[in-house]
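Each remark here refers to the structure printed beneath this line.
The values are calculated or read from the model by the stated rules, or taken from the named source; none is laboratory data. Source: prediction; values computed, not measured. No Cβ is skipped: glycine too gets one built from the backbone with ideal geometry, and neighbour counts run over all protein chains shown. For accessibility, only protein heavy atoms count, side chains too; no ligands or nucleic acids. Shrake-Rupley method; radii C 1.70, N 1.55, O 1.52, S 1.80 Å.
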Amino acid sequence: SQTIHQWPATLVQPVGSPLSLECTVEGTSNPNLYWYRQAAGRGLQLLFYSVGIGQISSEVPQNLSASRPQDRQFILSSKKLLLSDSGFYLCAWSRATSQETQYFGPGTRLLVL
Amino acid sequence: GESVGLHLPTLSVQEGDNSIINCAYSNSASDYFIWYKQESGKGPQFIIDIRSNMDKRQGQRVTVLLNKTVKHLSLQIAATQPGDSAVYFCAENRGGQNFVFGPGTRLSVLP
C-alpha cells in the first residue's frame, strides 16, 4: 500500500530564516505530487504540483519554491520566510492519470515569528 | 491541534443519529467529486468519491449524493459515532488534477 510522509510535523521559525519541508511517498512510482497550504476557515490552496522529476508548476506567486529531486520526493522551500507564510502545509500524491484521487500526508504546521 | 476551520459552519448530532453534510459546487463542468475527513492536526483523509455519471454512491456507513441540476453534493453518515467528529470538506474536479476544495463543515458528535 502507498504511504506519504511529511516532516517536520511542526516548525517554528523566525522571520527571514530559510525553510525546507520534505515530503516522500512510498509504494508507488511516478506519482503526481502536490503542495497545498491550508488557512483556517478556507479551502486548500494549491501552491505547486509536479508530474515528474524536475518538473514543477507554480499555481500562485509567492515567497516559496518547490523542487522534486527524486521520483517520490517533493520539497517546499523558502530563502526568507515572511510572517504570512505561517500555516498548515500539506503534501499530496495521486496516480499520474487524469482525475485521480489525491491522498494527503499528515501535514506540517509552520509558525513564523 | 491545528486550528483548521476556526469559523467553519458546525453540525452537531447525537451519537447514533444520521448526519448529512452538504456542499455546493460552483462549476457545472465539474465531473468528479471527493469527500475528505480531517481530524484536528492531521491531514485530510479520503472518504468516498463520485463521478458525474452517477447520482449516488455508497460506502461503509457513508453515502454520497450528487445533484447536478442544482450543483449540490451531500455526505450522509449513518449511525454517527464519536470518532466521526472532524471537519468534512468536498473537492470538485474540472479535469486533469485541478481540484477546488471547499472550506469544510465541522461535525460534532454529542454523547
Review point. Among the residues of region A:17-44, which ones are open to solvent by 40 Å² or more (accessible area, probe 1.4 Å), in a loop (DSSP other than H, G, I, E, B) and either among the hydroxyl-bearing types (Ser, Thr, Tyr) or more than 20 Å from A:Ala96 (Cα to Cα) (or both)?
Key: A:Pro18, A:Ser29, A:Ala39, A:Ala40, A:Arg42
**Study point:** Flag if A:Ile4 is within 13 Å of chain B (Cβ to nearest Cβ) and part of a strand (DSSP E or B)
**Key:** yes
Point to revise | One residue from B:Asn22, B:Asn27, B:Asn53, B:Asn67 being touching a Ser or Thr at 6+ places or on another chain (Cβ under 7 Å) and among the polar types (S, T, N, Q) | key: B:Asn22
Review point. Is it true that some residue in region A:96-113 is open to solvent by less than 40 Å² (accessible area, probe 1.4 Å), away from chain B (no Cβ under 11 Å), closer than 20 Å to B:Ile34 by Cα and aromatic (Phe, Trp, Tyr)?
Key: no
Exercise for review: Please work out which residue is modelled with the lowest pLDDT, limiting yourself to region B:90-111 and to residues that are open to solvent by less than 40 Å² (accessible area, probe 1.4 Å), over 16 Å from A:Ala92 (Cα atoms) and at the interface with chain A (Cβ under 8 Å from one of its Cβ atoms).
Suggested key: B:Gly95
Review point. Does A:Leu46 fit the bill of being among the aliphatic types (A, V, I, L, M), closer than 28 Å to B:Ile50 by Cα and within 14 Å of chain B (Cβ to nearest Cβ)?
Key: yes
Practice item. Please indicate, with yes or no, whether at least one residue in region A:52-69 is surrounded by 14 or more Cβ atoms within 10 Å (Cβ to Cβ), under 17 Å from B:Val100 (Cβ atoms) and either more than 13 Å from chain B (Cβ to nearest Cβ) or within 14 Å of the chain's Cα centre (by Cα) (or both). Key: yes
Exercise for review: Identify, from the list B:Ser40, B:Ser74, the residue that is part of a loop (DSSP other than H, G, I, E, B) and polar (S, T, N, Q).
Suggested key: B:Ser40
Check your understanding: Does B:Ala86 satisfy the criteria of being crowded, with 20+ Cβ neighbours inside 10 Å, over 29 Å from A:Val51 (Cα atoms) and within 14 Å of chain A (Cβ to nearest Cβ)?
Key -> yes
